[in-house]
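J.: Okay, handing you the structure first.
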Amino acid sequence: MSGARVIPLHPPESTTAAPPATPPAEADAPDAEPAPDLPPAEWQAQLADVLAFVRRRVSGDYEVDDFGFDVELTDHVLVPLLRPLYEKWFRVETIGMHNVPATGGALIVANHSGTLPMDALMTAVALRDVHPAGRHLRMLGADLLFSTPLLGSLARKSGQTLACNSDAERLLTSGELAGVWPEGFKGVGKLYRDRYKLQRFGRGGFVSAALCTGTPIIPCSIVGAEEIYPMIGDLKPLARLFGLPYFPVTPLFPLLGPLGAVPLPSKWYIEFGEPIATDAHDPTAADDPMLVFNLTDQVRETIQQTLYRLLTQRRNPFLG
């Protein structure tokens, strides 16, 4: 270190006693600030982790499960990419995280909105980062997602699978936390004037999967996603041309081109409700259409009432 004073461990031998040292002149001066500690070499550890990750990817030394879920890729690449949106852009707050079990199978059922399915991604980040057990959400997606080049492969690697009863039951039976958005494209592609009005929940297939496996259903209500891309129109001819369920028109898209694809920074709230138990029913109850209908309606009504409550407590879509 330049300019540093070297203090010998042993003073030089001398037959003459050295005079007592005089106090340094600086003693009367104000105490000098101590030299700052050297920062820990965290970047070296991070660099080593990155290099090890790259080496494993190149050599193929990583594991995926039967559905193609790549835990390492999800935790080291995908979730970190979404984390700035979660923490800084949407400023997501979670409520009722204690209602999500730390272990065992459970089915998260949520409302769907926002033109693009950003709500599903933010729910997955919340459960990974905020839940004490850091659980992975195994999302059940539509056929269109898995038939789309690149997106389909990425969805598989992030733990998603097809929204069908057989896959849902396999996940729940193996103790995974599964997520479903029963409104589908009707919810995510609805116009802004219909915001926070739940669409039909399909035929209740998610309830049948929960009944067959005896796993709890956890209603999840998401406020904030409706405002990220306020959809004011649907260009149906273009949607048919590209094979899409809808082609959105927002105040900024397609008017501003790629800039219109930047989501607006709305303030988000994600509330996980009390679990609805299904283990009191026999697995054959999944074939009872009235029971399935009643449970589906109960879940839907719980989410709708929670949305209304959260909206009355919110003062501003962007400030919260």
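The values are calculated or read from the model by the stated rules, or taken from the named source; none is laboratory data. Since this is a predicted model, take the numbers as computed values, not measurements. Cβ: placed from backbone, ideal geometry, glycine included. Neighbour counts: every protein chain shown.
J.: State all residues of the range 168-185 that are surrounded by 19 or more Cβ atoms within 10 Å (Cβ to Cβ) and either aromatic (Phe, Trp, Tyr) or out of contact with any Gly (no Cβ under 9 Å at 6 or more places or on another chain) (or both); if no residue qualifies, say none.
T.: Listed by number, the residues that qualify are 169, 179, 181.
J.: State all residues of the range 259-284 that are free of Cβ contacts under 8 Å to residues at least 24 places away in the same chain and either in contact with a Lys or Arg (Cβ under 7 Å, 6 or more places away or on another chain) or not in a loop (DSSP other than H, G, I, E, B) (or both); if no residue qualifies, say none.
T.: If the condition is that a residue be free of Cβ contacts under 8 Å to residues at least 24 places away in the same chain and either in contact with a Lys or Arg (Cβ under 7 Å, 6 or more places away or on another chain) or not in a loop (DSSP other than H, G, I, E, B) (or both), then 259, 260, 261, 284 are the ones that fit.
J.: Restricting attention to the range 298-309, and to residues there that are surrounded by fewer than 18 Cβ atoms within 10 Å (Cβ to Cβ) and in contact (Cβ under 8 Å) with a residue 24 or more places away in the chain, which single residue is nearest to residue 90 (Cα to Cα)?
T.: For the range 298-309, the residue satisfying everything is 308.
J.: Continuing with this model, one more query. Just one of the numbered conditions (1) touching a residue at least 24 places away in the same chain (Cβ under 8 Å); (2) under 19 Å from the mean Cα position of the chain (by Cα) is not true of residue 215; which one?
T.: (2)
J.: Let me ask something else. Restricting the range 178-190 to residues that are part of a loop (DSSP other than H, G, I, E, B) and small (Gly, Ala, Ser), which is farthest from residue 251 (Cα to Cα)?
T.: By that ranking, first place goes to 184.
J.: Give the residues of the range 279-318 that are among the hydrophobic types (A, V, I, L, M, F, W, C) and more than 13 Å from residue 223 (Cβ to Cβ), sorted by residue number.
T.: 280, 285, 286, 290, 291, 292, 293, 295, 299
J.: Something else now. Starting from the range 191-212, keep only residues that are at pLDDT below 95 and assigned to a loop (DSSP other than H, G, I, E, B), then list their pairs with residues that are surrounded by 16 or more Cβ atoms within 10 Å (Cβ to Cβ) and aliphatic (A, V, I, L, M) whose Cβ atoms are within a distance under 7 Å, requiring at least 6 positions of separation or different chains.
T.: Taking only residues 6 or more apart or on different chains, the pairs are 204/292.
J.: Yes or no: residue 295 under 23 Å from residue 177 (Cα atoms), within 20 Å of the chain's Cα centre (by Cα) and of a type in the set (A, V, I, L, M)?
T.: No, not satisfied.
J.: Which condition number in (1) over 18 Å from residue 108 (Cα atoms); (2) surrounded by 15 or more Cβ atoms within 10 Å (Cβ to Cβ); (3) more than 20 Å from the chain's Cα centre (by Cα) is the one that residue 204 fails?
T.: It is condition (1) that residue 204 fails.
J.: Anything in the range 229-251 that is more than 30 Å from residue 165 (Cα to Cα) and free of Cβ contacts under 8 Å to residues at least 12 places away in the same chain? List them, or say none.
T.: 236, 237, 238, 241
J.: What residue, among those in the range 89-104 that are surrounded by 14 or more Cβ atoms within 10 Å (Cβ to Cβ) and among the β-branched types (Val, Ile, Thr), is nearest to residue 263 (Cα to Cα)?
T.: Checking each candidate, the answer is 92.
J.: Criterion first (under 17 Å from residue 194 (Cα atoms) and part of a loop (DSSP other than H, G, I, E, B)) does residue 251 satisfy it?
T.: The answer is yes for residue 251.
J.: Now for a separate question. Is it the case that the range 192-199 has a residue that's in contact with a helix residue (DSSP H, G or I) (Cβ under 9 Å, 6 or more places away or on another chain) and crowded, with 19+ Cβ neighbours inside 10 Å?
T.: Yes, the range 192-199 contains at least one residue that is in contact with a helix residue (DSSP H, G or I) (Cβ under 9 Å, 6 or more places away or on another chain) and crowded, with 19+ Cβ neighbours inside 10 Å.
J.: Quick test for you: out of 224, 202, 243, pick the one residue that is in contact with a Lys or Arg (Cβ under 8 Å, 6 or more places away or on another chain) and at positive phi.
T.: 224
J.: Would you check which residues across the range 248-284 are buried (at least 18 other Cβ atoms within 10 Å of the Cβ), in contact with a Leu (Cβ under 8 Å, 6 or more places away or on another chain) and of a type in the set (A, V, I, L, M, F, W, C) and list them?
T.: 249
J.: Tally time: how many residues in the range 116-131 are over 14 Å from the mean Cα position of the chain (by Cα) and either surrounded by 24 or more Cβ atoms within 10 Å (Cβ to Cβ) or more than 30 Å from residue 233 (Cβ to Cβ) (or both)?
T.: The number of residues fulfilling the criteria is 0.
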